[in-house]
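Report on one structure; see the data block that follows.
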Amino acid sequence: MTSVNFANDLKELLNGSNIKMQLSVPQLVEAATSRGEAVLTREGAVKAETGKYTGRSPKDKYMVEEEISKDKIDWGNVNRPISSEIFENLYAKVINHLKQKDALFVFKGFAGADPESRLAIQTITEYAWHNLFAHQLFIRPTAEELAAHEAEFTVVYAPTFQADPAVDGTVSETFIIVSMEKKIILIGGTEYAGEMKKSIFSIMNYILPEKNILPMHCSANVGKEDDVTLFFGLSGTGKTTLSADEDRKLIGDDEHGWSDNGVFNIEGGCYAKTINLSRENEPQIYDAIRFGSVLENVVVDEDTRIPDYDDGSLTENTRAAYPIEAIDNIVTPSVAGHPKTIVFLTADAFGVLPPISKLTKEQAMYHFLSGYTSKLAGTERGVTSPEATFSTCFGSPFLPLHATVYAKMLGDKINEHGAEVYLVNTGWTGGEYGVGSRMKLSYTRTMVRAAIRGELQDAEMETESVFGLNMPKEIPGVPTEVLNPRNAWADTAAYDVKAQHLAKKFKDNFEKFGTVDPAISVKGGPTHN
């Protein structure tokens, strides 16, 4: 086994002559383009391609088995164990690999907008554009904060270092390894920058519950009456799009904490999907992509340097990273009060779930634990067409602790603060994927705004028969036939069959939780077999 002194090795690396410390955005843009890592678009964004891996690699993510954390972590397909020996050997190789590079880029910042619970982090990257990504996505320190900054967690990112599975004990050349004891995230063999973002989120999902703070995979915004809304949902369900509302101020687009003081953003930027992006449908996101933004795998015209957001030839998972300040309507700092409305977003490829339904407390807990959506193409390596998936708490890939820890915290906070909870289907209507069509964004916006304004609390409802969901009969601006999914199908008998099929998937999935309060498992879920 290689002898590793983590503190000394890291200090030596950071003191190397090749270190470029805390470069400005223009300096990083200049470095990324001059080094051939990226090109500039017409608007001044940096466009980079990530090669083989255009999404996260969940099967290559590991957590080191260590005394301080091994009894807390929910080990399994999400949290895959790896030995300290394998981690230390790979760490030593990566450090040696990085020492040979002509330049390394370091960003120091924070995760968590609430100073009481923020985490000081640093990223050491081989690519300038990866450091620009970190600069835009995490919270940037003031000059005073930077002078006193002492990193509690370090990301060491070496995309050009590839593991040898036969020698290094990994399943592929790619690895994302988290050590809670050494406070290091080691990434290699992939150029997909999102691995940095989600690794830090995983860390916060471990740390925050110990402080009685609920970490959440959600976006959040706040209205003029200080009414906070949370949007839970996996990638591609509309978190970023729906929280970017010109009539409300954005708190954050993806990751938040809910403390006794209220809600705060974990990040300092946004990581928006850009496939089919248009100014007409998503003006705030479209206009946020400017100088200093990072475009990932977006096709750009070689001559005009104009991005083609409709071109998914590299991947459907095209992305833009930009600082939250690029959005006009934001809360500064990114903190607000307790939520009044909570929206669970799902992209149902079966076309079964209503476009909006008001949940009872039991249904809210059931659907939070279920975390149903359809995994969309490109979000993860190997996914080429939509698949039904259940992601506990709408974020199971990032949860080191058992799901019930987060679910109980959410339930307690809903009860304490009286938040209204809605299930919103941004997926298919009038038939399943390939037959029906995607729900119109304009309809979804209208429905969500009605819920936020409280207009659905006393609305006349009808109950969907399979899942027992309460659906409003009428919402101004939305066709009545859309509100009840069964009515949107030309063949209602086919809808009934598909609805029962999906209900069985829900019930089969829920069995993994074992004994759950019948008020949740019976009253919250499908009413038929």
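The values are calculated or read from the model by the stated rules, or taken from the named source; none is laboratory data. Only a predicted model underlies this, so the values are computations on that prediction, with no experimental measurement involved. Because the Cβ atoms are built from the backbone with ideal geometry, glycine has one as well, and the counts that use them run over all protein chains shown. Accessible surface is based on the protein model in full, side chains and every heavy atom, while ligands, DNA and RNA are left aside. Shrake-Rupley method; radii C 1.70, N 1.55, O 1.52, S 1.80 Å.
Every listed requirement among (1) in contact with a Lys or Arg (Cβ under 9 Å, 6 or more places away or on another chain); (2) open to solvent by 10 Å² or more (accessible area, probe 1.4 Å); (3) under 24 Å from residue 101 (Cα atoms) is met by residue 152 save one, (3).
If the condition is being closer than 21 Å to residue 326 by Cα and polar (S, T, N, Q), then the stretch 236-263 contributes 240, 241, 243. So which residues in the stretch 251-274 are at pLDDT below 95 and hydrophobic (A, V, I, L, M, F, W, C), if there are any at all? 270, 272, listed by residue number.
So that you can scan it fast, the table gives a plain yes or no per residue for (1) in contact with a Gly (Cβ under 9 Å, 6 or more places away or on another chain); (2) polar (S, T, N, Q):
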{"residue": "398", "(1), (2)": "no, no"}
{"residue": "401", "(1), (2)": "no, no"}
{"residue": "412", "(1), (2)": "no, no"}
{"residue": "458", "(1), (2)": "no, no"}
{"residue": "463", "(1), (2)": "no, yes"}
{"residue": "467", "(1), (2)": "yes, no"}
{"residue": "489", "(1), (2)": "yes, no"}
{"residue": "503", "(1), (2)": "yes, no"}
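Evaluated against (1) under 20 Å from the mean Cα position of the chain (by Cα); (2) modelled with pLDDT of 95 or more; (3) aliphatic (A, V, I, L, M), residue 78 falls short on exactly one condition, (2).
Take residue 358 and decide whether it is at pLDDT 95 or above and open to solvent by 10 Å² or more (accessible area, probe 1.4 Å).
So residue 358 passes the test.
For the stretch 123-146, the tally of residues that are out of contact with any strand residue (DSSP E or B) (no Cβ under 9 Å at 6 or more places or on another chain) and not in a loop (DSSP other than H, G, I, E, B) stands at 2. In this structure, residue 126 does not qualify as on the phi < 0 side of the Ramachandran plot, surrounded by fewer than 21 Cβ atoms within 10 Å (Cβ to Cβ) and more than 20 Å from the chain's Cα centre (by Cα).
For residue 59, indicate whether it is open to solvent by 60 Å² or more (accessible area, probe 1.4 Å) and in a loop (DSSP other than H, G, I, E, B). Against the criterion (open to solvent by 60 Å² or more (accessible area, probe 1.4 Å) and in a loop (DSSP other than H, G, I, E, B)), residue 59 does not qualify.
Output the residue which, of all residues in the stretch 6-24 that are of a type outside the set (Gly, Ala, Ser), open to solvent by 50 Å² or more (accessible area, probe 1.4 Å) and out of contact with any helix residue (DSSP H, G or I) (no Cβ under 9 Å at 6 or more places or on another chain), is farthest from residue 130 (Cα to Cα). It would help to see each step written out before you state the result.
Initial filter on the stretch 6-24 (of a type outside the set (Gly, Ala, Ser)): 6, 8-15, 18-23.
Checking which are open to solvent by 50 Å² or more (accessible area, probe 1.4 Å) leaves us with 8, 11-12, 15, 20-21.
Cutting the leftovers down to out of contact with any helix residue (DSSP H, G or I) (no Cβ under 9 Å at 6 or more places or on another chain) gives us 8, 11, 15.
Details: 8: 24, 11: 21, 15: 20 Å.
Step by step, filter the stretch 6-24, then rank; the result is 8.
Screening residue 255 with (1) over 27 Å from residue 357 (Cβ atoms); (2) under 19 Å from the mean Cα position of the chain (by Cα) gives one miss only, at (1). Per the conditions (1) farther than 19 Å from residue 346 by Cα; (2) in a strand (DSSP E or B), the sole criterion not satisfied by residue 229 is (1). Here the stretch 285-307 is the region considered, the condition is being among the hydroxyl-bearing types (Ser, Thr, Tyr) and surrounded by fewer than 24 Cβ atoms within 10 Å (Cβ to Cβ), and the residue that is nearest to residue 445 (Cα to Cα) is 286. Among the conditions (1) more than 22 Å from residue 167 (Cα to Cα); (2) in contact with a helix residue (DSSP H, G or I) (Cβ under 7 Å, 6 or more places away or on another chain); (3) surrounded by fewer than 21 Cβ atoms within 10 Å (Cβ to Cβ), the only one that residue 38 does not satisfy is (3). Just checking, does the stretch 261-284 include any residue being buried (at least 24 other Cβ atoms within 10 Å of the Cβ) and of a type in the set (Asp, Glu)? Yes. Remark: residue 507 matches the filter, which requires a residue to be surrounded by 13 or more Cβ atoms within 10 Å (Cβ to Cβ) and free of Cβ contacts under 8 Å to residues at least 40 places away in the same chain. When the criteria are applied in full, residue 314 meets the requirement of being open to solvent by 10 Å² or more (accessible area, probe 1.4 Å), among the aliphatic types (A, V, I, L, M), modelled with pLDDT of 95 or more and within 20 Å of residue 56 (Cβ to Cβ). Among the residues of the stretch 433-468, those that are closer than 27 Å to residue 281 by Cβ and in a loop (DSSP other than H, G, I, E, B) comprise 433, 434, 435, 436, 439, 440, 453, 454, 455, 456, 459.
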